[in-house]
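The values are calculated or read from the model by the stated rules, or taken from the named source; none is laboratory data. All values derive from a computational prediction rather than experimental measurement. Using ideal geometry, Cβ is built from the backbone for each residue, glycine included, and neighbour counts are taken over all protein chains shown. Protein only, heavy atoms only, side chains kept; ligands, DNA and RNA dropped before computing areas. Shrake-Rupley method; radii C 1.70, N 1.55, O 1.52, S 1.80 Å.
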Amino acid sequence: MELFFNPFDNLVCILLGISLTVWFTLLLVFIIVPAIFGVSFGIRRLYMKTLLKLFEWATLRIERGAKENNHHLHKPYSNAIIAKEPTSFEEEIKEIRRSGSNKDLDSASEFEMSDIFYFTRRGVASIMDDEVTKRFSAEELESWNLLTRSNNNFHYISLRLTVLWGLGLVIRYSFLLPLRVTLAFTGVGLLVFLTCVIGLLPNGRLKNFLSEKVHLMCYRICVRALTAIITYHDSENKPKKGGICVANHTSPIDVIILASDGCYAMVGQIHGGLMGVIQRSMVKACPHIWFERSEVKDRHLVAKRLSDHLEVKTKLPILIFPEGTCINNTSVMMFKKGSFEIGGTVYPVAIKYDPRFGDAFWNSSKFGMVSYLLRMMSSWAIVCSVWYLPPMSREEDEDAVQFANRVKAAIARQGGLVDLLWDGGLKRGKVKETFKEEQQKLYSKMLVGTQEDRSRS
């Protein structure tokens, strides 16, 4: 049988082989090896500075084009809360009574019809300026970062700007996305394989040492898969073994951001699929704390597992996100008290993302995990700052709720975030009856207090 060889096919195979060799060589030299040793060539920061200059130029072009075409520049709605002079519940009620009656306030009846207007006004204000639901939508930008999803009101300004956007689209999806997907599979694959191998070793210092090095290396590769540019502040306050690391929560990649600078014991529910494979391999090399679905709601069992971990001072610090859900990088919501009841030293950490390069917030009601990760990998970059705050301990006269609020306030203050008392569970649930009863108690207390003052006089 005579075989015929097409020279063109041979040339294509040779070129493909050379391309793959060059591709993986560049990955090995510039990404994987630096990740192993924890060094950086500064390429990502140079890339970030170049992007900033490009965004500034694009914004100037938009403003100039809008002026030339007499277009009104749309300013996105800001998620920030407008600060106003704080007033108490009783003061607001009295103000309404004064405006609605010429009587002296002390001679007023126990209940006045005008009081209804206070609750009506507060209800309408809550609907118009809801502090809760706006925390679960993407943060708006005041300038365009050449991502279509960051500017829904963008219209044609100039041919040059449109060509630049198209070029950026090609770069992000034809070069950056394949590179990042390759790195992500490399990092996850190495994590699963190497942790399974380390799990075969007997417990001891060697196993712990290798486990920490492998986790750091793999997480650093995953960080590079997002082109994450992270600035860590106050590293002397980094969480230590036998403690609890508490951080605000914006995205699932918060774990990667923190774990690329230190090793932690993860806490979470056991999943199936690829996530389950990763969890089962990780726990072979490191004492992570995974719960079955039926165990998650058993608070006493969860608290006992966490307490048992903390009793061994040589174990890695526990990483917990007490909000229980992702918030859109503008605020910190109520911390669940369970993390602050088990004792131990708490190491607060504040994480703040720069939305100009890509929105890190995960809106789980709108995007699945896979689609979210694809959005992250097709963004320009993930830029964030991490602040390690001084360790905090629960005071003698402080309950778990007060301690949680004190830690939350410190994180919000350092990260430049709004400190909110609302429960992040309102994202999918209704307002608890206790919140309604609190307002009712305040009103009743005011009426009873007014009556007692009149009886004394």
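Once the range 199-215 is narrowed to residues that are open to solvent by less than 40 Å² (accessible area, probe 1.4 Å) and either aliphatic (A, V, I, L, M) or in a helix (DSSP H, G or I) (or both), the residue that is nearest to L60 (Cα to Cα) is H215. In the range 168-180, the residue that is farthest from Q279 (Cα to Cα) out of those that are hydrophobic (A, V, I, L, M, F, W, C) and surrounded by 15 or more Cβ atoms within 10 Å (Cβ to Cβ) is L176.
Is it the case that some residue within the range 424-442 is open to solvent by 50 Å² or more (accessible area, probe 1.4 Å), touching a helix residue (DSSP H, G or I) at 6+ places or on another chain (Cβ under 6 Å), assigned to a helix (DSSP H, G or I) and modelled with pLDDT under 85? There is at least one residue in the range 424-442 that is open to solvent by 50 Å² or more (accessible area, probe 1.4 Å), touching a helix residue (DSSP H, G or I) at 6+ places or on another chain (Cβ under 6 Å), assigned to a helix (DSSP H, G or I) and modelled with pLDDT under 85. If the condition is being touching a Phe, Trp or Tyr at 6+ places or on another chain (Cβ under 6 Å) and over 16 Å from P390 (Cβ atoms), then the range 234-251 contributes H249, T250, S251.
Condition check ((1) over 25 Å from R44 (Cβ atoms); (2) polar (S, T, N, Q); (3) at pLDDT 85 or above; (4) part of a strand (DSSP E or B)) across all residues:
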| position | (1), (2), (3), (4) |
| --- | --- |
| G344 | yes, no, no, no |
| K352 | no, no, yes, yes |
| R356 | no, no, no, no |
| K366 | yes, no, no, no |
| S385 | no, yes, yes, yes |
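Every listed requirement among (1) more than 16 Å from the chain's Cα centre (by Cα); (2) charged (D, E, K, R); (3) surrounded by 14 or more Cβ atoms within 10 Å (Cβ to Cβ); (4) at pLDDT below 90 is met by K304 save one, (3).
Matching residues to (1) more than 24 Å from A360 (Cα to Cα); (2) among the aliphatic types (A, V, I, L, M); (3) part of a loop (DSSP other than H, G, I, E, B); (4) touching a residue at least 60 places away in the same chain (Cβ under 8 Å):
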{"position": "V197", "(1), (2), (3), (4)": "yes, yes, no, no"}
{"position": "M217", "(1), (2), (3), (4)": "no, yes, no, yes"}
{"position": "R220", "(1), (2), (3), (4)": "no, no, no, yes"}
{"position": "E236", "(1), (2), (3), (4)": "yes, no, no, yes"}
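Looking only at residues of the range 257-283 that are open to solvent by 40 Å² or more (accessible area, probe 1.4 Å) and part of a helix (DSSP H, G or I), we find that the one that is farthest from D234 (Cα to Cα) is G273.
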